[in-house]
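The values are calculated or read from the model by the stated rules, or taken from the named source; none is laboratory data. Note that the coordinates shown come from a computational prediction; the quantities given were computed from them, not determined experimentally. Reconstructed Cβ throughout: ideal geometry from the backbone, glycine too, with neighbour counts over all protein chains shown.
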Amino acid sequence: MALLIVASVFLGFAKSYFLAGMFRAHLPSLIIHIHGAVFTSWILLLIVQTSLVSAGRVDIHRRLGGFGFCLAPLMIVMGSLAATDLLVRNDAAMGVDAKTFYAASLGDMFIFATLIFFAFRERSNPAAHKRLILIATITLLGAAINRWPFSIILVHPILINLIDDAFLLPLIAYDLWSMRRIHRATIWGGLFLIAVQQLELPIGSTALWQSFATWALRHGRFIHGI
């Protein structure tokens, strides 16, 4: 699953970021550069942590886990700043306007933060912990999927969430194969991800959210200039 996530992220951001020299890439602002570096660090850490457990080095895995749980809040902060930068640039995806899409961007940060919180609480329960970390990371894949070089995604933006949610299927299959049942962390984490995703755009189209997005746009213009 970790390798599949890495491949998906690389496919989405290869042209604009990884193959463009990363920090030499022509990105809209410094905020997006920092966001890209932090996001990449999280994906690489996922590979390292998974590899350490597979190699039986749980001791190193636990020590690096402290770094991971410090990196997670930075992910949330930079993801929110990047979302605001996107709003200021009047950019969006999924066939909606920037203010409505702002709800989807911040909604994903809310999902990620919630799942990481419970993953931290369940760090002494490896089965639940690893599933929650995985589902939290799956939450972040929408931006990469939106940039996959397939025209069908542009024509049918609903596929972004559908493909993202499909990353839960191998986890469910593994649970059924290994335990003959779906682990409760998979059930609750997956349902939480899907439910909040489905609420994001309807919330984003409400008058209350539009007012909040207008306020964020007015006060967030300095972010793009950084």
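The residues of the range 176-191 that are crowded, with 16+ Cβ neighbours inside 10 Å and in a helix (DSSP H, G or I), listed by number, are ALA185, THR186, TRP188, GLY189, GLY190. Scanning the range 101-117 for residues that are among the aromatic types (Phe, Trp, Tyr), surrounded by 22 or more Cβ atoms within 10 Å (Cβ to Cβ) and within 12 Å of ALA72 (Cα to Cα) gives a single hit, PHE112. Take ARG181 and tell me if it is among the charged types (D, E, K, R) and in contact (Cβ under 8 Å) with a residue 24 or more places away in the chain. It is false that ARG181 is among the charged types (D, E, K, R) and in contact (Cβ under 8 Å) with a residue 24 or more places away in the chain. LEU199 - would you say it is closer than 27 Å to VAL9 by Cα, in a helix (DSSP H, G or I) and at pLDDT 95 or above? Considered against the rule, which asks whether it is closer than 27 Å to VAL9 by Cα, in a helix (DSSP H, G or I) and at pLDDT 95 or above, LEU199 comes out as yes. If you go through the range 1-35 and pick out every residue that is part of a loop (DSSP other than H, G, I, E, B), small (Gly, Ala, Ser) and touching a residue at least 24 places away in the same chain (Cβ under 8 Å), you end up with 1.
Here's the yes/no breakdown for (1) under 12 Å from the mean Cα position of the chain (by Cα); (2) closer than 30 Å to SER54 by Cα; (3) part of a helix (DSSP H, G or I):
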residue	(1), (2), (3)
ASP91	no, no, no
MET94	no, no, no
THR100	no, no, yes
ALA103	no, no, yes
GLY107	yes, no, yes
ILE111	yes, yes, yes
PHE120	no, yes, yes
ALA128	no, yes, yes
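Is there any pair linking a residue in the range 137-159 that is assigned to a loop (DSSP other than H, G, I, E, B) to one that is surrounded by 13 or more Cβ atoms within 10 Å (Cβ to Cβ), with Cβ under 6 Å and at least six apart or on different chains, and which? Cβ pairs passing all conditions: LEU141/SER8; LEU141/ASP164; ARG147/GLY12; TRP148/LEU11; TRP148/GLY12; PRO157/MET94; PRO157/GLY95. Kindly check whether there is at least one residue in the range 49-69 that is in contact (Cβ under 8 Å) with a residue 24 or more places away in the chain, surrounded by fewer than 18 Cβ atoms within 10 Å (Cβ to Cβ) and touching a Phe, Trp or Tyr at 6+ places or on another chain (Cβ under 6 Å). Looking for residues that are in contact (Cβ under 8 Å) with a residue 24 or more places away in the chain, surrounded by fewer than 18 Cβ atoms within 10 Å (Cβ to Cβ) and touching a Phe, Trp or Tyr at 6+ places or on another chain (Cβ under 6 Å), one finds at least one in the range 49-69, hence yes.
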